[in-house]
Amino acid sequence: MLWEVEILPAGGEKDYEGQRVLVAAGHQGITGLQSVRSGRAFLVQGELDADQVRQGAAALLADPVTEQFTVRALPATAVSADPDEILLNVLFHPGVTDSVAENARDALRRRGLSVTHAATCRRYWITGELSTAGLQLLSRRVLANEAIEQIASGALQIRDLTVGSEYRFRQTIVPIRTMDDAALQDLSKRGQLYLSLTEMRTVRDHFISLDRDPTDIELETVAQTWSEHCSHKTLAGRIHYVETQGGQLQRDQSFN
């Protein structure tokens, strides 16, 4: 079962994140924004009942002095919002590492709770008269990093945190020994190896001498090792430096 632990500042505590959003929106030229409340949430999945989730949240997820929390089952039918507020949830895209959620999952497991998956969420309740363009600008520039995060409006309708399928190893052999120059260049481009034709020929000839073709991992290892980042190929060549002054030779030196 999937549960949501919504965590808000306790009564009397300042909402620093909400204040940050208001200031940042002003710097972005966003008008019509009147107020912002913020919170955070943990999504916890596993063989759990509501009491177990509450116990785990009280012990590990929320600060009992400065925060208060609510537990609800997902998909949610209600949220802690006023009718005039717009609720925006910021979550990581599938596949993006969520270190806080991973640590929370492991800590809950150590307390004996059967947690299989966990995720984090930032939450914003917004009031004002924002245009559609203004709301989109607020989302992109202030609330979320669209490269790694996504925004969902309203009560979360997530049913399952499981993404993808179980990994199964499959060895891939690259038939480089039979490739001509065009095929070598295509392999370097499609495989994002970024090796020159001369380098690709060298790799091919090496595996011809071994009487076998490489795996994709071996080929990638060679490409990484020969990359500009690792070996600085641009500076690896010979340099002949000549310096003159007033027609007179001052320095003539070769560097290997």
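Summary of computed values
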{"read-out": "Residue within the stretch 1-24 that is more than 26 Å from R111 (Cβ to Cβ), in the same structural domain as D106 (by TED's automatic domain parsing) and of a type in the set (F, W, Y) present", "value": "yes"}
{"read-out": "Residues located in the stretch 94-115, provided they are touching an Asp or Glu at 6+ places or on another chain (Cβ under 8 Å) and modelled with pLDDT under 95", "value": "V96"}
{"read-out": "Hey, L135 of a type in the set (A, V, I, L, M, F, W, C), free of Cβ contacts under 8 Å to residues at least 40 places away in the same chain and in a helix (DSSP H, G or I) or not", "value": "no"}
{"read-out": "Of the criteria (1) surrounded by fewer than 15 Cβ atoms within 10 Å (Cβ to Cβ); (2) more than 26 Å from the chain's Cα centre (by Cα); (3) within 23 Å of L130 (Cα to Cα), which one P64 fails", "value": "(3)"}
{"read-out": "Qualifying position, being hydrophobic (A, V, I, L, M, F, W, C) and modelled with pLDDT of 95 or more, among A144, A155, A133", "value": "A144"}
{"read-out": "When residues of the stretch 178-195 are limited to those that are more than 31 Å from the chain's Cα centre (by Cα) and not in a helix (DSSP H, G or I), the one surrounded by the most Cβ atoms within 10 Å (Cβ to Cβ)", "value": "M179"}
{"read-out": "Qualifying position, being touching a residue at least 24 places away in the same chain (Cβ under 8 Å), more than 27 Å from the chain's Cα centre (by Cα) and either closer than 18 Å to A144 by Cβ or outside any strand (DSSP E or B) (or both), among G11, G18", "value": "G11"}
{"read-out": "The one condition in (1) surrounded by 16 or more Cβ atoms within 10 Å (Cβ to Cβ); (2) touching a strand residue (DSSP E or B) at 6+ places or on another chain (Cβ under 7 Å); (3) in a loop (DSSP other than H, G, I, E, B) that Q45 fails to fulfil", "value": "(3)"}
{"read-out": "Test: residue in the stretch 64-86 that is of a type outside the set (F, W, Y), touching a Ser or Thr at 6+ places or on another chain (Cβ under 6 Å) and assigned by TED's automatic domain parsing to the domain that holds L108", "value": "yes"}
{"read-out": "First in the stretch 213-226 and part of a helix (DSSP H, G or I), second anywhere and surrounded by 15 or more Cβ atoms within 10 Å (Cβ to Cβ), Cβ under 6 Å, 6 or more apart", "value": "D216/V174; L219/V174; V222/V203; A223/L193; A223/L195"}
{"read-out": "Which numbered condition G154 misses (of (1) loosely packed, with under 14 Cβ neighbours inside 10 Å; (2) under 29 Å from T70 (Cβ atoms); (3) in contact with a His (Cβ under 9 Å, 6 or more places away or on another chain); (4) not basic (K, R))", "value": "(3)"}
{"read-out": "Looking only at the stretch 228-253, and only at residues there that are at pLDDT below 80 and hydroxyl-bearing (S, T, Y), the one that is surrounded by the fewest Cβ atoms within 10 Å (Cβ to Cβ)", "value": "T234"}
{"read-out": "Hits in the stretch 183-217 - residues which are within 27 Å of H229 (Cβ to Cβ) and hydrophobic (A, V, I, L, M, F, W, C)", "value": "A183, L184, L187, L193, L195, L197, M200, V203, F207, L210, I217"}
{"read-out": "Number of the exception - A147 against (1) touching a residue at least 40 places away in the same chain (Cβ under 8 Å); (2) touching a His at 6+ places or on another chain (Cβ under 9 Å)", "value": "(1)"}
{"read-out": "Of the criteria (1) within 24 Å of the chain's Cα centre (by Cα); (2) closer than 26 Å to E47 by Cα, which one R111 fails", "value": "(1)"}
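The values are calculated or read from the model by the stated rules, or taken from the named source; none is laboratory data. Quantities reported herein were computed from a predicted structural model and do not represent experimental measurements. We place every Cβ from the backbone using ideal geometry, glycine too, and count neighbours over all the protein chains shown.
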